[in-house]
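A.B. asks: Input: one structure, supplied below.
The values are calculated or read from the model by the stated rules, or taken from the named source; none is laboratory data. Because the structure is a prediction, the values reported are computed rather than measured. Cβ atoms come from the backbone with ideal geometry, glycine included; neighbour counts cover every protein chain shown. Ligands, DNA and RNA are excluded from the accessible area calculation, which covers all protein heavy atoms including side chains. Shrake-Rupley method; radii C 1.70, N 1.55, O 1.52, S 1.80 Å.
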Amino acid sequence: MHTKWKTWAHVTKLDPDKHLTEEQIAEIATSGTDALILSGTLNITKENMTELRDQVKEYGLPLVVEPAGPESVVFHGIDLLYVASVMNTSDARWIVGKHRDWAMNPDIVWDKVIPEAYIVLNPNSAVGKVTGADCGISAQEVAAYASVADHYFKFPIVYIEYSGMYGDPDVVCEASKAIDHAILYYGGGIDSGAKAAEMARYADTIVVGNAVYDKGVKTLLETVQAVQ
Ligand SMILES: CC(C)=CCC/C(C)=C/CC/C(C)=C/CC/C(C)=C/COP(=O)(O)OP(=O)(O)O
Ligand SMILES: O=P(O)(O)OC[C@@H](O)CO
Ligand SMILES: [Mg+2]
């Protein structure tokens, strides 16, 4: 299996539900970001996922699809499929239920699948609302979830997710201390070089999403330069 993903410092998350021009995509793909993740929670379908894949594929960057459910899984033309389980929800659908439904399907390319332990910390994000995540937890509880994900479930990725807001670096620091093997992802509200550098002190891989759309490719470049 493809293991280069473990060395990525910066990845860019593109939303199939949003639009980018060809020129913007060219700038993103040549920004120095290590990979593109195609993902979102709301309004994601095989159709808009495939359309975005076709827009970005010619640049040769590693492509990851991160589906919000079985309905948006695409394997063709992509390198890896990141599949989340949310640690801090009591709704089992988002831990293992959707996965059971998905596994009724015989066409899963398991060699491309990388499981991710999500810890969702922004209650106002789409992912926070949809999964009913308990976002009011302490840094110690986040670290404990990270420890269970790493040492017990042996997830290869632990993902601290503040989608749409900049998180607390102390929380990411505590999570990083609790993990020995998993790669630690941080995503949420990174819209400057300083924020990218701050979270990259603790996270192995930082994720930039909304800033690409809200602030533009120049800001994306700053975040890349701060960590590469
Ligand atoms: C079993 C399969 C194939 C999938 C299930 C995967 C699960 C359980 C996902 C739950 C968490 C989730 C919805 C992950 C999707 C990735 C993600 C967090 C995207 C960011 O979403 P937001 O930024 O909040 O949403 P919008 O961009 O749509 O506003
Ligand atoms: O969109 P932002 O806030 O940059 O968050 C990135 C990513 O973690 C979202 O899943
Ligand atoms: Mg988003």
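A.B. asks: Being within 16 Å of ligand 3 (Cβ to nearest atom), open to solvent by less than 20 Å² (accessible area, probe 1.4 Å) and among the aliphatic types (A, V, I, L, M) is the filter; apply it to the range 63-84 and report the residue that is farthest from ALA126 (Cα to Cα).
C.D. replies: Checking each candidate, the answer is VAL64.
A.B. asks: Go through the range 1-57 and count every residue that is farther than 29 Å from GLY128 by Cβ, of a type in the set (S, T, N, Q) and within 17 Å of the chain's Cα centre (by Cα).
C.D. replies: The number of residues fulfilling the criteria is 2.
A.B. asks: Follow-up question, since we're still on this one. Inspect all residues belonging to the range 7-27 and state whether any of them is in contact (Cβ under 8 Å) with a residue 12 or more places away in the chain, away from ligand 2 (no atom under 14 Å from the Cβ), in contact with a His (Cβ under 9 Å, 6 or more places away or on another chain) and at negative phi.
C.D. replies: Among the residues of the range 7-27, not one is in contact (Cβ under 8 Å) with a residue 12 or more places away in the chain, away from ligand 2 (no atom under 14 Å from the Cβ), in contact with a His (Cβ under 9 Å, 6 or more places away or on another chain) and at negative phi, which makes the answer no.
A.B. asks: Still on this structure, I have one more. With surrounded by 21 or more Cβ atoms within 10 Å (Cβ to Cβ), within 16 Å of ligand 2 (Cβ to nearest atom) and in a helix (DSSP H, G or I) as the only criterion, which of LYS129, LYS195 stands out?
C.D. replies: Answer to the check: LYS195.
A.B. asks: Kindly indicate the residue of the range 41-60 that is without any contact (Cβ under 8 Å) to a residue 24 or more places away in the chain and farther than 14 Å from THR30 by Cβ and also nearest to ligand 3 (Cβ to nearest atom) among those meeting that condition.
C.D. replies: If we take residues in the range 41-60 being without any contact (Cβ under 8 Å) to a residue 24 or more places away in the chain and farther than 14 Å from THR30 by Cβ, then GLU47 is nearest to ligand 3 (Cβ to nearest atom).
A.B. asks: Listed residues VAL113, VAL158, VAL120; which is closer than 19 Å to VAL73 by Cβ, open to solvent by less than 40 Å² (accessible area, probe 1.4 Å), within 14 Å of the chain's Cα centre (by Cα) and touching a residue at least 12 places away in the same chain (Cβ under 8 Å)?
C.D. replies: Answer to the check: VAL113.
A.B. asks: Restricting attention to the range 24-40, does a residue exist that is open to solvent by 70 Å² or more (accessible area, probe 1.4 Å), among the aliphatic types (A, V, I, L, M), within 23 Å of ASN105 (Cβ to Cβ) and in contact with a Lys or Arg (Cβ under 9 Å, 6 or more places away or on another chain)?
C.D. replies: No, the range 24-40 contains no residue that is open to solvent by 70 Å² or more (accessible area, probe 1.4 Å), among the aliphatic types (A, V, I, L, M), within 23 Å of ASN105 (Cβ to Cβ) and in contact with a Lys or Arg (Cβ under 9 Å, 6 or more places away or on another chain).
A.B. asks: Considering only the range 10-17, I want to know if a residue exists there that is at pLDDT 95 or above and more than 21 Å from ALA203 (Cβ to Cβ).
C.D. replies: In the first step, residues of the range 10-17 are kept if they are at pLDDT 95 or above; the result is 10-17.
The next check asks that each one be more than 21 Å from ALA203 (Cβ to Cβ); those that pass are 16-17.
Among the residues of the range 10-17, at least one is at pLDDT 95 or above and more than 21 Å from ALA203 (Cβ to Cβ), which makes the answer yes.
A.B. asks: Identify the single condition in (1) surrounded by fewer than 16 Cβ atoms within 10 Å (Cβ to Cβ); (2) in contact with a strand residue (DSSP E or B) (Cβ under 7 Å, 6 or more places away or on another chain); (3) hydroxyl-bearing (Ser, Thr, Tyr) that SER138 does not satisfy, given that it satisfies every other one.
C.D. replies: If we test SER138 against (1) surrounded by fewer than 16 Cβ atoms within 10 Å (Cβ to Cβ); (2) in contact with a strand residue (DSSP E or B) (Cβ under 7 Å, 6 or more places away or on another chain); (3) hydroxyl-bearing (Ser, Thr, Tyr), just (2) comes out false.
A.B. asks: Turning to a different aspect of this structure: If I ask for residues that are more than 11 Å from ligand 2 (Cβ to nearest atom) and in contact (Cβ under 8 Å) with a residue 40 or more places away in the chain, which ones from the range 173-192 would you list?
C.D. replies: ALA175, ALA182, ILE183
Condition check ((1) assigned to a helix (DSSP H, G or I); (2) open to solvent by 10 Å² or more (accessible area, probe 1.4 Å)) across all residues:
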residue: THR12; (1), (2): no, no
residue: HIS19; (1), (2): no, yes
residue: MET49; (1), (2): yes, no
residue: LEU61; (1), (2): no, yes
